[in-house]
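Participant: Quick one: the structure is below, questions incoming.
The values are calculated or read from the model by the stated rules, or taken from the named source; none is laboratory data. Remember, it's a predicted structure, so these values are computed and weren't measured experimentally. Heads up, the Cβs are rebuilt from the backbone with ideal geometry, glycines too, and the neighbour counts pull from every protein chain shown. For the accessible areas, the whole protein counts, side chains as well, though only heavy atoms, and no ligand, DNA or RNA atoms are used. Shrake-Rupley method; radii C 1.70, N 1.55, O 1.52, S 1.80 Å.
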Amino acid sequence: MSDSTDVFEIMHTTRAMRRLKSDPVPDALIRKILEAGICAANGGNTQRWRFLVIKDRNIKRAVQRLYKRAFDEVVGPRYAASAPPPGVTPERYKRQHAAVEYLTEHYDEAPVWIVACLEESTPPTRWSGASIYPAVQNMLLAARALGLGSTLTTRHLLYERESEAALGLPAGVHSYAILPIGYPMGRFGPVGRGTLDTFVYEDQWGKPWAGL
Ligand SMILES: Cc1cc2nc3c(=O)[nH]c(=O)nc-3n(C[C@H](O)[C@H](O)[C@H](O)COP(=O)(O)O)c2cc1C
């Protein structure tokens, strides 16, 4: 399971790939990912999205330090105290935690980051998120289709002001996700999210969907 063009196979195997090689990724592939991003819909078709491609190690390192601080202070303790979510066995959850820790230490070693941003004159809302995360998901799917690994990360937002200063974002621009991209060390595999009966209702909250 590496390169594939079947959209269902890609969706079912677009996992968080947190262990990445530091080998460079050709700009031609980054370009394909960005082009997939700007195919996404956004509210009013206003295209207020901006994508910052980062290769500069010093910038990545400055953000990695904040990302690690957020792990040490918030995310690590939360993981240690929480139970596996639906569709995830305790063993898999433990592996996920180890991978999260790995990415925390090696965040800046991913050869390329794409920082997904919006130019906006008002404070971010759910509507703003709805105009950037479809592009982010398109980029994750495109990376997967090209055999590249990535993870949707947002943890830098725990120190939003400091991270955005380190990224050099101007006033009126907010970051919504950082995608560290590189060739994966491991293999793509199926995602584990549980089954539809846990999540889908019909007509009435809690009533199982008849299509199950
Ligand atoms: C909104 C959002 C924010 C996320 N932020 C992070 C993050 O900061 N760091 C990280 O390692 N993973 C992050 N993830 C990835 C999830 O943790 C990941 O999907 C989950 O661990 C399940 O792994 P899987 O996709 O491989 O099944 C984020 C995912 C989403 C959708």
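Participant: What list of ³J(HN,Hα) couplings, whole Hz, do you get for the stretch 97-111 from phi and the Karplus terms 6.51, -1.76, 1.60, once you set θ to phi - 60° and write x for glycine and proline?
Facilitator: Taking θ as phi minus 60°, the curve returns 4, 5, 5, 4, 5, 4, 4, 4, 6, 10, 3, 6, 7, 4, x Hz for the stretch 97-111.
Participant: Charges only on Cβ, +1 for Lys and Arg, -1 for Asp and Glu: so what's the dipole of the chain about the Cα centre, in debye to the nearest 20?
Facilitator: That gives the chain a dipole magnitude of about 420 debye.
Participant: While we're looking at this one, here's another question. Kindly write out, for the stretch 73-86 in residue order, the coupling ³J(HN,Hα) from the Karplus curve 6.51 cos²θ - 1.76 cosθ + 1.60 (θ = phi - 60°), rounded to whole Hz, with x marking Gly and Pro.
Facilitator: 3J(HN,Hα) across the stretch 73-86, in whole Hz: 8, 10, 6, x, x, 5, 4, 4, 9, 10, 8, x, x, x.
Participant: Would you calculate, for the chain, the mean residue ellipticity at 222 nm contributed by helices, counting each DSSP H stretch of 4 or more residues as -39,500 (n - 2.57) and dividing by all residues, to the nearest 500?
Facilitator: -11000 deg cm²/dmol
Participant: Same structure, new question: Can you list residues from other chains, or at least 5 along the same chain, whose modelled amide H is less than 5 Å from the amide H of THR151?
Facilitator: MET17
Participant: While we're on this one: So between SER4 and ARG69, what do we pick up on full extension, going 0.36 nm a residue minus the alpha carbon distance?
Facilitator: Length gained between SER4 and ARG69: 19.7 nm.
Participant: May I ask you to compute the full-extension gain from LYS207 to ALA41, defined as 0.36 nm times their residue separation minus their alpha-carbon distance, rounded to one decimal in nm?
Facilitator: 56.6 nm
Participant: How large is the accessible surface per residue of the chain, computed with a 1.4 Å probe and reported in Å² as a whole number?
Facilitator: 56 Å²
Participant: Taking the Cα centroid of the stretch 166-212 and of the stretch 1-63, what is the distance between the two, rounded to the nearest whole Å?
Facilitator: 15 Å
Participant: Amide H to amide H under 5 Å from ARG50: which residues, 5+ apart in sequence or cross-chain, H placed 1.01 Å off N in plane?
Facilitator: Correct list: CYS117, LEU118, GLU119.
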